[in-house]
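The values are calculated or read from the model by the stated rules, or taken from the named source; none is laboratory data. Treat the numbers as computed from the prediction; the structure is a model and nothing was measured. Cβ placement follows ideal geometry from the backbone for every residue including glycine, while neighbour counts extend to all protein chains displayed. Surface areas here come from the heavy atoms of the whole protein model, side chains and all, with no ligands, DNA or RNA. Shrake-Rupley method; radii C 1.70, N 1.55, O 1.52, S 1.80 Å.
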Amino acid sequence: MKFSVRQIDLFERDVRLRMPFRFGVVTLTEAPQAFARVRIRLENGAEAEGAAAELLAPKWFDKNPALSNEENFDQLRSSLALAKGAYLGGGADTAFGHFDAHYRPQLDLAAGKGLNALVANYGPALLDRALLDGLCRGLAISFYDAIRHNVAGLALPAQFLESLRPASRIAARHTVGLVDPITSVEQRVNDGLPETLEEVVARYGHRWFKLKVGGDAGADVERLAAIASVLDRIPEPYHASLDGNEQYENVEGVLELWRRMKAEPRLRRLVAGIVFIEQPIKRQNALAGDVSELAEEKPVIIDESDDSLEAFPRARRLGYTGVSSKTCKGLYKSILNAARCRLWNREEGTARFFMSGEDLTVQPGLALQQDLALVSLLGITHVERNGHHYVNGMAGLPEAEQQAFLDSHPDLYEKSHGSVRLKIREGMISMSSLSCPGYASAALPDWSAMRKMP
């Protein structure tokens, strides 16, 4: 099913965090959220609109400390502007065909403006989801059907696509940021929502966690011990991923951290529950050396280093066995990497290669729902979620918009403490309602409550 791109509008709205989120080299307190609204024309002449959303996150795509947060925002806006011009200038193609036609030119154009590949892919990643949403709405089919029956036109085997089965529930893997309070808070937000890790576990019933480390093995062990003092009270088994956010210079530093963790009696249960280690090494070094020695201890995955379609195969040769799925890096890359995992595991006769679901502080509404639908379709059983913790749900959005999302997706959202927010019960997210016409959303945001992207 081919279509042409008739119109692309870009919008923003501000997101303010209720608690600071420290990851890597940044402490995030606020950032804009980008929205794309597109209009496409199908081969039969009918037109349809689609939409997508993603946070303009600073110091993740480009961690150059010389750049301000505002300069990081402008980098991502530039990526969107380049992609918008290219997609509007293209002819009729399939949903995947639009991505494929512009993938390499986008990287080249962005490089000419000093933008790295991770930044370059941000713009197409947002537009590809909006275009696919428009296609699904125009045909009155769900995202799941568009991929499983290859209406999107992916260059992948039909047998693989048809085998994909979305789940109705997924475990939420709670993020513990580098400055998150563990058991006590000096100055409380006092909005009635959980602030400490202790309170989070009590309210949401999580059994999956993502633990940030900061690049200092001694300090990291002590903070992990404080975290373990809370998690070890959980009577059922719990599991966690360890996220380095590029804070270690090399594999030797991460191995030193792991050895200290194993030697620390307070971390015995936590160490046993670690399922993988995520991007612990700075991206300029991460794919420059072999990590097999570390991978013999725990599987190691790339996240920030996954900046191109070639990154995962390159990482595989160095001992990495996993890669993250993030809608901000591109939905088609995630599907391709899932197919690679299936193929490589079949070749090796073992379930060695895998994908994880990670978060970019996705916000309730389009961003959250499209990301959940993607990881669910790929068979990922737990996904990092932190947007609901650091941001007060849909607080500040028009009441009618909040109600529209709640009415359309009552299994996914609830209304509490004055606003609509993600519903988590016993650590699980229910999402059957995402199987609806369009890309996982039966509601749309209030465009009049946004500003045009500068």
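Listed highest first by mean packing, meaning other Cβ atoms within 10 Å per residue, what order do 123-131, 307-315 come in?
123-131, 307-315
Taking a temperature of 10 °C and a viscosity of 1.306 mPa s, what whole-number D in µm²/s does Stokes-Einstein yield for the chain with Rh from Kirkwood over alpha carbon pairs?
Here the translational diffusion coefficient equals 72 µm²/s.
How high is the relative contact order of region 302-454, given as a whole-number percent (alpha carbon pairs under 8 Å, six or more residues apart)?
Reported as a whole number, the value is 18 percent.
Where the accessible area of region 127-207 is counted over protein heavy atoms with a 1.4 Å probe, how much of it, in %, is carbon and sulfur?
47
Please report the net charge: other residues with Cβ closer than 13 Å to the Cβ of L80, K and R +1, D and E -1.
+1
What is the sum of charges, Lys and Arg at +1 and Asp and Glu at -1, for the other residues whose Cβ falls under 12 Å from the Cβ of F353?
So the environment of F353 carries a net charge of +3.
Please list, or write none, the aspartates and glutamates whose alpha carbon is within less than 13 Å of the alpha carbon of K84, excluding same-chain residues fewer than 8 places away.
Straight-line reach from K84, under 13 Å: D9, D128.
Based on the mean of other Cβ atoms within 10 Å per residue, sort peptides 143-149, 338-344, 324-330 so the most packed one is first.
The peptides rank, most packed first, as 324-330, 143-149, 338-344.
Using only the alpha carbons of region 43-169, determine the length spanned along each of the three principal axes and report them from longest to shortest in whole angstroms.
Principal extents (Cα only, largest first): 46, 38, 26 Å.
Please get the size of the charge dipole for region 222-337, origin at its Cα centre, with Cβ charges of +1 on Lys and Arg and -1 on Asp and Glu, quoted in debye to the nearest 20.
Rounded to the nearest 20 debye, it is 260 debye.
For region 209-263, what relative contact order do you get, as a whole percent, if you take Cα pairs closer than 8 Å and at least 6 residues apart?
Computed value for region 209-263: 55 percent relative contact order.
Determine the dipole magnitude for region 301-343: charges of +1 sit on the beta-carbon of Lys and Arg, -1 on that of Asp and Glu, nothing else is charged, the reference point is the Cα centre, and the result goes in debye to the nearest 20.
Dipole magnitude for region 301-343 comes out near 220 debye.
Under a 5 Å amide H to amide H cut-off, with H placed in plane at 1.01 Å, what residues pair with R173 once short-range neighbours are removed?
Correct list: V383, E384, R385.
Counting only protein heavy atoms, what percent of the accessible surface of region 286-337 is carbon or sulfur at a 1.4 Å probe?
Here carbon and sulfur together make up 44 percent of the probe-accessible area.
Take the cross-link list K210/K282; K59/K210; K333/K415; K2/K63; K298/K423; K2/K59 and give me the ones stretching past 29 Å between alpha-carbons.
Beyond 29 Å: K333/K415; K2/K63; K298/K423; K2/K59.
Measuring with a 1.4 Å probe in the full set of protein chains, what accessible area per residue, in whole Å², belongs to the chain?
Per-residue accessible area for the chain comes out at 36 Å².
Taking only the alpha-carbon positions of region 189-345 and ignoring solvent, what does the Debye formula give for the base-10 log of I(q)/I(0) at q = 0.14, 0.15, 0.19 Å⁻¹?
Those come out to -0.76, -0.85, -1.18, one per q.
Tell me the trypsin sites (Lys or Arg not before Pro) within region 159-251 that lie in a loop according to DSSP and have at most 11 other beta-carbon atoms within 10 Å.
Those that pass, being in a loop and sparsely packed, are R188, R233.
Which residues in region 199-240 place their backbone N less than 15 Å from a point set 7 Å from the Cα of E249 along the Cα-to-Cβ direction?
The answer is 215-218, whose backbone nitrogens lie closer than 15 Å to the label point.
Would you tally the net charge around A152, using a Cβ to Cβ cut-off of less than 14 Å, leaving A152 out, and scoring K and R as +1, D and E as -1?
Overall, the nearby charge balance is -1.
Would you mind working out the magnitude of the charge dipole of the chain relative to its Cα centre, with +1 at each Lys and Arg C-beta and -1 at each Asp and Glu C-beta, to the nearest 20 Debye?
560
Let me know the whole percent of all Cα-Cα pairs from region 316-454 that are separated by more than 20 Å.
52
Taking Cα pairs under 8 Å and at least six residues apart, what relative contact order does the chain come out at, in percent?
Answer for the chain is 19 percent.
I'd like the Karplus ³J(HN,Hα) series for region 87-103: coefficients 6.51, -1.76, 1.60, θ = phi - 60°, whole numbers in Hz, and an x wherever there's a Gly or Pro.
Working through the residues one at a time gives 5, 5, x, x, x, 6, 7, 6, 4, 5, x, 4, 4, 5, 5, 9, 4 Hz.
Which value does Rg/Rh take for region 348-416 over its C-alpha atoms, Rh per Kirkwood?
1.09
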